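Worksheet: the structure to be examined is printed underneath.
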Amino acid sequence: MSYRIGLVGKPSVGKSSFFNAATMNDVPEGAYPFTTIDPSVGEAYVRVECAAPEFDETCSPNLGVCRDGTRFVPTKLVDVAGLIPGAHEGNGLGNQFLTDLNETDVLIHIVDFSGTTDSKGEPTEGHDPREDIDFLETELDMWYLDILEKGIESHETTYEGADAKIEVDLAEQMSAFKTNKDEIKQIILSLGLELDTDTWDADDRDALAREIRKRTKPMLIAANKMDTPEAQANWDEITDDPDYDHLTFVPTSAHAEGALKTADDNGVVDYTPGDDDFEIIGDPSADQKAGLEQIREFIADYGGTGVQQAIETALFDVLGCIAVFPGSANGSDDTDGVFRDCFILPEEATTEDFAYFLHSDIGDGLLHGIDCRTERQVGADHDLTHRDVVEIVSTN
Ligand SMILES: Nc1nc2c(ncn2[C@@H]2O[C@H](COP(=O)(O)OP(=O)(O)O)[C@@H](O)[C@H]2O)c(=O)[nH]1
Ligand SMILES: [Mg+2]
């Protein structure tokens, strides 16, 4: 199983540019864990500092690549095009859009921070990006509210005897959002509501829909087109606006990332995705050189093009995932002493979760784990952390 990061946003914000730049990777053949015929699904990478050097071992990834001590671990990126502006006023969100959205674990909302596109994606000047941020959140909330209302209705009208539980009925109605009754119950109570729909007014329902949306579709804002002066001015204003404190922003230039990857492919520069500098190794024309120097200045100021950073922030910070290396107590993989795998697991993953992730038989036969750095035994319910190297000891 691989996490799916969805790119959303109104037309012309740079979703395709971001997607193309992020999935354009020079990875040796056979390194792809899947092939897809869906052009809107591609493979991007998250960087993880490789654990092999700490063990004086070598690294030969089964998936992705290892470059100068940095693993590039594959993850799926989805270009979720088709957001219809003004949807909740009657058009409704498109079916394909909703289907694609349901399959994502975390969203990157690409926002045109330059303000040069209006709410429909047509050219304009001085458009406030905050409108787009509010718009998408509202659209998603309305969609959730719709489904929440259906769940409430079925709870109130279906006879289930005295044992009917609202959290069970809502979790069932909202199963596509990968939630469950315990989470729903916890959200209801966290809002100070009772587990009784009769006591909920319209505001309570709105708040509930919004909270369930925030939990099940966590979101990051990619402030795109940051290579323009207009975007830089908007960035200062919006990241200072207390109304937007609850959001995570990453400044991005899909353009710069695409240009650097293309130049790298053509042997003009040596660029490692995510870096804040590159080396010119080819023979660019004067124009091309000037363009590259502009990009160099931009990525020095912003710590990179932001594309790699946005993907990693979405997965590791917003979603809270961790990367775990399987190892053996005296180093890496016990057969040949080479690090091969690096898996992305959910935030709360335990030794037992990791064992089941590897294989259900390994999970069934789990005895304990070994933290390979300390060589200490860890129990089944031990919480794993980012970059742990763990050996699973199982009877199977
Ligand atoms: N200046 C600038 N323009 C960008 C950037 N990313 C995309 N664009 C431009 O924005 C327009 C729309 O881009 P596209 O990727 O097709 O947007 P989509 O409709 O959201 O998929 C194109 O003209 C792109 O060249 C960026 O980072 N900086
Ligand atoms: Mg597009």
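The values are calculated or read from the model by the stated rules, or taken from the named source; none is laboratory data. Owing to the predicted nature of the structure, the values given are computational and were not obtained by experimental measurement. Neighbour counts run over all protein chains shown; Cβ positions are idealised from the backbone, glycine included. The accessibility values were calculated without ligands, DNA or RNA, using every heavy atom of the protein model including side chains. Shrake-Rupley method; radii C 1.70, N 1.55, O 1.52, S 1.80 Å.
Among residues other than LEU195 whose Cβ falls under 9 Å from its Cβ, what is the net charge (Lys/Arg +1, Asp/Glu -1)? Summing Lys and Arg as +1 and Asp and Glu as -1 gives -1.
Charge tally around VAL250: other residues with Cβ under 11 Å, Lys/Arg +1 each, Asp/Glu -1 each, net -2. Using a probe radius of 1.4 angstrom, the carbon and sulfur fraction of the accessible surface of the stretch 245-296 is 44%.
With the simple model of a label 7 Å out from the Cα in the direction of the Cβ, ASP243 to ALA286 spans 4.9 nm. Helical content of the chain, expressed as a calculated mean residue ellipticity at 222 nm, amounts to -10500 deg cm²/dmol (DSSP H runs of 4 or more residues, -39,500 (n - 2.57) each, divided by residue number, nearest 500). Excluding ligands, DNA and RNA, the accessible surface per residue across the chain is 47 Å² with a 1.4 Å probe.
Computed on the Cα atoms alone, the convex hull of the stretch 67-212 gives a volume of 174 cubic angstrom per residue. Summing charges over neighbours of LYS185, with a neighbour being any other residue whose Cβ is under 9 Å away from its Cβ, gives -1 when K and R count +1 and D and E count -1. Per-residue accessible area (protein heavy atoms, 1.4 Å probe) orders MET226, MET219 as MET219, MET226, starting from the largest. Sorted largest first by accessible area at a 1.4 angstrom probe radius, with every protein chain in place, the residues HIS255, HIS382, HIS246, HIS155 fall in the order HIS255, HIS246, HIS382, HIS155. Span-like helix check, the chain: no full DSSP H segment qualifies, none having both a Cα axial length of 30 Å or more and a mean Kyte-Doolittle of 1.0 or more. Check the straight Cα-Cα distances from LYS165 and name the lysines below 16 Å, setting aside those fewer than 8 residues away within the same chain. Filter leaves LYS150, LYS181, LYS185. Ordered from highest to lowest accessible area with the whole protein assembly present and a 1.4 Å probe, ASP227, ASP118 read as ASP227, ASP118. Taking the protein heavy atoms of the stretch 36-194 in the context of the full set of protein chains, the accessible area attributed to carbon and sulfur is 47 percent at 1.4 Å. Let me make sure I get this right: for the stretch 321-394, a, b and c are the square roots of the gyration tensor eigenvalues over alpha carbons, sorted descending. Under 1.5 in a/c it's rounded, otherwise prolate if a/b > b/c, else oblate. Which is it? The shape class here is rounded.
In plain terms, the chain from ASP206 to SER360 could stretch by 51.4 nm, reckoned as 0.36 nm per residue minus the Cα-Cα distance. One decimal place: the segment GLU156-ASP317 gains 54.1 nm when fully extended, by the rule 0.36 nm per residue minus the C-alpha distance. Going by a ≥ b ≥ c, the root eigenvalues of the Cα gyration tensor, does the chain fall in the rounded group (a/c under 1.5), the prolate group (a/b larger than b/c) or the oblate group? Judged from the Cα gyration tensor, the chain comes out oblate (a/c at least 1.5, b/c at or above a/b).
When the Gaussian network model of the chain links Cα atoms closer than 10 Å, the mean-square fluctuations of ILE280, ILE344, ILE212 top out at ILE280.
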